[in-house]
Amino acid sequence: MEEIYQDAVQRMNKSIDALRAELARLRTGRASTALLENIRVNYYGTDTPLNQLAGIGVADPRTLSVSPWDKGATPAIEKAIMESDLGLNPVTSGELIRVPLPALTEERRKELTKVVRHEGENIKVAIRNVRRDAIHHAKEMQKSKELSEDQLHKLEADIQKATDEHTKQADEMVRAKEQEVMEV
């Protein structure tokens with residue numbers, strides 16, 4: 001019984017972590033290294049994550065800096081950043097690539113809030129799916145007489161409580177990110 005509950009909570013926590021990572025990637029007008037971490041660079045014929053080819057840092061609140069470890073990778077990194085769907089135009093100065101973040105328009109901010117809400121809803125669906133699976137597993141155990149009916153009801157209540165907590169946490173994260181996106 002405890003095993004089912006712990007597994008469900010662990011899977012719900014992973015969903016929350018996935019939401020946190022996804023929201024960190026969304027551009028809000030403030031420079032964040034998470035913005036560039038998932039860009040893939042064609043480096044000698046292999047798609048390699050940018051963070052494995054260069055150090056990514058925040059130069060100032062509106063600029064990211066990328067310092068390639070292999071100077072020969074600079075053009076490939078620059079091209080990958082330009083071709084990403086982030087709408088960024090890197091500027092190379094010597095060995096350092098600067099990536100200025102353009103100011104977000106009101107229209108783009110509203111689009112981003114929709115994306116944030118969509119991501120939040122996807123995570124809440126994932127959390128509810130974890131709840132469904134855990135309760136289904138518990139009912140199977142009750143049918144095979146491994147759990148009593150009282151144990152089943154207690155486990156269902158505990159799983160529902162964990163689901164409510166994780167859903168509330170996802171809502172709070174989405175609300176905070178929406179405020180951050182709409183901030184001018």
Yeah, region 1-114 with a ≥ b ≥ c from its alpha-carbon gyration tensor (a/c under 1.5 is rounded, else prolate when a/b outruns b/c, oblate otherwise) is oblate
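Test of the criteria: in region 52-97, which trypsin sites (Lys or Arg not before Pro) are in a DSSP loop and have at most 14 other Cβ atoms within 10 angstrom of their Cβ? It would help to have the intermediate numbers written out before the result.
Working: sites: Arg62, Lys71, Lys79; in loops: Arg62.
Qualifying residues, ordered by number: Arg62.
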Among Ala80, Leu96, Leu53, the residue whose Cα sits farthest towards the positive end of the charge dipole of region 34-100, when +1 is placed on the Cβ of each Lys and Arg and -1 on the Cβ of each Asp and Glu, is Leu96
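What do you get for GluC sites (Glu not before Pro) in region 79-184 restricted to DSSP loop and a cutoff of at most 14 other Cβ within 10 Å of the site's Cβ? Walk me through the intermediate numbers first.
Working: sites: Glu83, Glu95, Glu106, Glu107, Glu111, Glu119, Glu121, Glu140, Glu146, Glu149, Glu156, Glu165, Glu172, Glu178, Glu180, Glu183; in loops: Glu95, Glu146, Glu183.
Those that pass, being in a loop and sparsely packed, are Glu95, Glu146, Glu183.
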For the chain, what does -39500 (n - 2.57) per DSSP helix run (n ≥ 4), summed and divided by total residues, give at 222 nm, in deg cm²/dmol to the nearest 500? -21000 deg cm²/dmol
Rounded to the nearest 20 Debye, what is the dipole magnitude of the chain about its Cα centre when Lys and Arg each give +1 and Asp and Glu each give -1 at the C-beta? 360 debye
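Values in this text are rule-based calculations from the coordinates and carry no lab data. Given the structure is predicted, the values throughout are model-derived calculations rather than measurements. Here Cβ is always computed from backbone atoms with ideal geometry, including for glycine, and neighbour counts include all displayed protein chains.
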